[in-house]
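Accompanying notes for the structure given below.
Bear in mind these aren't lab numbers, they're just calculated from the coordinates by the rules spelled out. On a predicted model such as this, the values are computed, not experimentally measured, just so you know. Using ideal geometry, Cβ is built from the backbone for each residue, glycine included, and neighbour counts are taken over all protein chains shown.
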């Protein structure tokens, strides 16, 4: 009995001395904003504000989070398009909680959501006139054959 108690006590002491492992946790958040008929710049500012709120909220709610990635999607007339993605570590966020510092913007989103119109490019291709073509065809028959 004393031997079992000694083994059990030794085992407990060993287990209590093992350092606990801290697991790094990442979190990805996606949020969709309804884009009204306002300006694209106002939508981007709203997206930045939401990204900052969501990052702050994630770090506050979970102390084991080491990194947060937030994607803000814009929705307008049934079309959903990524507006921005912010990815930041806890250490960097604590140092500088400015959303723009950690954000990637998608420049084509203004066009895809219909805030900006793209002017189609027109390429002018000049076709050679018939006299030029006929002259080239005629002259090609008169060239000497270098392989004879």
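A few comments on the model shown:
- Approximate spin-label separation residue 80-residue 105, in nm, with each point projected 7 Å along Cα-to-Cβ: 2.4
- With both labels modelled 7 Å from their Cα along Cα-to-Cβ, the residue 63 to residue 95 distance reads 2.3 nm.
- Here the label points at residue 116 and residue 29, each 7 Å from Cα along the C-beta direction, are separated by 2.7 nm in the simple model.
- Sorted by Cβ density within 10 Å, fewest first, the residues 31, 40: 31, 40
- Shape metrics for the range 23-112, restricted to C-alpha atoms - Rg then Dmax, Å: 13.5, 44
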